[in-house]
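Structure, as structure tokens:
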Amino acid sequence: MNTAPIVACIPALRRYARALTGDAWMADDLVQDTLERACAKWSLWRVGSDLRAWLFAIMHNVWVNQVRQGGARATLVDIDEASHELVAPDTEPAVMIDLQRCLLRLPDEQRAVLLLAALEDFSYQDIAKVLGIPAGTVMSRLSRARLRLAELMDGAQPPTSTRPALRRLK
Amino acid sequence: MSNPTDTDDDAARWSAQRDALRGLHRELLHEPVPEHLLQTVEQAANSGSWSRRWMRAGALAASVLVAFGAGWMGHGQWTSRAPIAGTQAARASAPVALAFAHDAAVAHAVFSPEKRHPVEVTATDQQHLVQWLSRRLDKPLKVPDLSAEGYSLVGGRLLPGASGARAQFMFEDPAGQRITLYIGALADRNGAASQESAFRFAAGDPVPSFYWVDQGFGYALSGKLPRETLLNLAGAVYKQL
């Protein structure tokens, strides 16, 4: 099996996982689980189909299972302590921290749609396949996610002390 | 991507939002992929090809054995048929556990001859090793102490399995003889946890293993050792887990 095409997708998987979970460790665990499963199911990938979409679909399934088991939720907990990790070096750090925080307040399914569209340039149809939902649902979730994120960001800037702290969800 | 109902203002707003999102964790796109993720892919890929290679080798060995028994040994072939029939019965009754034992034997054959990297985490970091593998298998693991049997821990590694992650602990004796303990969750095709089982022996596929199932987890102890020796070691492991 030629691993180069899978390896080439790892950076994109890592970034998506990081934005989705908001946590560096959890993101790389998610990527690792995804890679293990992808290699185990390698024979199921049809040559010529979109490998990147296939890998993101696997990652989505792994993530949904983790969220269902309550594992992925735990990350929301330490966002304040982890905020120093959320700094993107070549952008305004405070904005990036706010953006990540607000993202994590979106419902899981809205966050996934928004990130797949924004980070990966997937089409509605691609996202529908990755998430296993109808394309119409993708469109409605995306517009709700955009609006909600914009509202949250409007509330977050400029930072004020009255802003409610992120609730502990452990 | 824009919705048909978006106004120009909306489109500009969403475009700006998208640009902001694309700045998020952008550094991850440019930094080198962490070594452990590369290893995950390489291992999974290699274990697959190893497995196929060993299956071919196993089939070849079996056919040679059958031809040898039929052509040369005359009546002697009946004695060699008994264990084959027994193996088939076990295969029919516990295909999942047998496949697990096969995975364990293959993993043993792949990693136990390794000089430089027999394990991912060495025994010097035993506490971290156990914590790590326990987390990855979602089960508190214990490493059996086989010093009374003359074996010390080399370390362990994480491997991909058919139904989730598998842990491999490697031990060796002063002569460098290595045995491996392979652990992983076992589920049958319906996803139900596998039943408990007694010790079973897999004669050599590609190395001998004793394997058993306990509380939904499969265990296999593999090594190029006589059956009795391996059974004693498996008993020592079982008692401690």
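What follows draws every value from the coordinates through simple rules; no lab data is involved. What you are looking at is a predicted structure, and each value in this text was computed from that prediction instead of being measured. Every residue, glycine as well, gets a Cβ built from its backbone with ideal geometry; the counts of neighbours run over all protein chains shown.
Can you tell me the length gained on complete extension of the stretch B:Lys142 to B:Arg13, counting 0.36 nm per residue apart and subtracting the Cα distance?
Numbers: separation 129, 0.36 × 129 = 46.44 nm, distance 5.47 nm.
Gain on stretching B:Lys142 to B:Arg13: 41.0 nm.
May I ask you to evaluate 6.51 cos²θ - 1.76 cosθ + 1.60, the Karplus curve with θ = phi - 60°, for each residue of the range A:125-131 and list the ³J(HN,Hα) values in order in whole Hz, giving x for glycine and proline?
So the Karplus estimates, Gly and Pro as x, are 5, 4, 5, 4, 5, 4, 8 Hz.
Roughly how crowded by other chains is peptide B:35-42, in terms of the mean Cβ count from those chains within 10 Å of each of its Cβ atoms?
Working: counts 0, 3, 10, 4, 2, 10, 11, 3.
For this peptide, the per-residue mean of nearby foreign Cβ atoms is 5.
Whole Å is fine, so just give me how far the alpha carbon centre of the range A:1-29 lies from that of the range B:96-145.
Here the two parts' Cα centres lie 24 Å apart.
Setting aside same-chain residues fewer than 8 positions from B:Lys224, which lysines have a Cα under 28 Å from its Cα?
B:Lys115, B:Lys142, B:Lys239
Which whole number gives the average, over all residues in B:12-18, of C-beta atoms from other chains lying within 10 Å of the residue C-beta? Could you put the intermediate results ahead of the total?
Values: counts 0, 3, 8, 0, 1, 9, 6.
Rounded to a whole number, the mean comes out at 4.
For the range B:137-146, in order, what is each residue's ³J(HN,Hα) by Karplus, 6.51 cos²θ - 1.76 cosθ + 1.60 with θ = phi - 60°, in whole Hz (x at glycine and Pro)?
8, 6, 7, x, 9, 10, 9, x, 9, 10
What is the mean projected area of the alpha carbon convex hull for the range B:94-240, to one decimal in square nanometres?
Working: hull surface 31.6 nm².
The directionally averaged projection comes out at 7.9 nm².
Tell me the relative contact order for the range B:94-240 as a rounded percent, counting alpha carbon contacts under 8 Å between residues six or more apart. Let's see the in-between values first.
Numbers: 282 pairs, mean separation 35.7, N = 147.
Relative CO of the range B:94-240 lands at 24 percent.
What is the percent of Cα-Cα separations in the range A:1-57 that go past 15 Å?
45 percent
Give me the inter-chain shielding for B:126-135: mean count of other chain Cβ atoms within 10 Å, whole number please. Walk me through the numbers before you get to the answer.
Details: counts 0, 0, 0, 0, 0, 0, 0, 0, 0, 1.
Mean shielding count: 0.
With Cβ to Cβ distances under 11 Å as the rule, what net charge do the other residues near B:Gln215 carry (K, R +1; D, E -1)? Walk me through the numbers on the way to the answer.
Values: positive: B:Lys139; negative: B:Glu196, B:Asp214.
Taking every Cβ under 11 Å from that of B:Gln215, the sum is -1.
Arranged from highest to lowest average of other beta-carbon atoms within 10 Å per residue, in what order do the peptides B:28-41, B:104-117, B:132-145 appear?
So the order, starting with the most tightly packed, is B:104-117, B:132-145, B:28-41.
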